[in-house]
Amino acid sequence: MENYALKKEYTGILNITLKPEDNVTSEDKERLKDQIKGQTVDMCGTLYVIVDSWIDGEDIWYKAVVS
């Protein structure tokens, strides 16, 4: 298990569970990518704020820093 408490910055893929019938469009992904910016996430007790996000292929990536 990664020790998030030692990291000041984290880059990862946003995990989204989808069903094939959800029919997520590229516009939906763009909207979600923009909506997650500024959100606070708790990774093993360490709070991070998402400061950037981008789409690479099918995945939405984000960069978060310790809040």
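The values are calculated or read from the model by the stated rules, or taken from the named source; none is laboratory data. The structure displayed is predicted, hence computed values, not measured ones. SASA here: full protein model, heavy atoms, side chains in, ligands and nucleic acids out. Shrake-Rupley method; radii C 1.70, N 1.55, O 1.52, S 1.80 Å.
Subtracting the Cα-Cα distance of T40 and S67 from 0.36 nm times their residue separation leaves 8.9 nm of extension gain. Against the chain, whose longest principal axis comes from its Cα atoms, helix 26-36 is set at around 20 degrees. Taking every alpha-carbon pair under 8 Å whose residues sit at least 6 apart, the chain reaches a relative contact order of 39 percent. Per residue, the accessible area of the chain comes to 73 Å² when a 1.4 Å probe rolls over the protein heavy atoms. For the chain, the alpha-carbon coordinates run over 39, 22, 18 Å along the three principal axes, in decreasing order. Counting lysine pairs in the chain that sit 8 or more residues apart in sequence, or on different chains, and whose Cα atoms lie under 24 Å apart gives 12.
Taking 0.36 nm per residue of separation and subtracting the current Cα-Cα distance, fully stretching the chain between V24 and D52 would add 8.0 nm.
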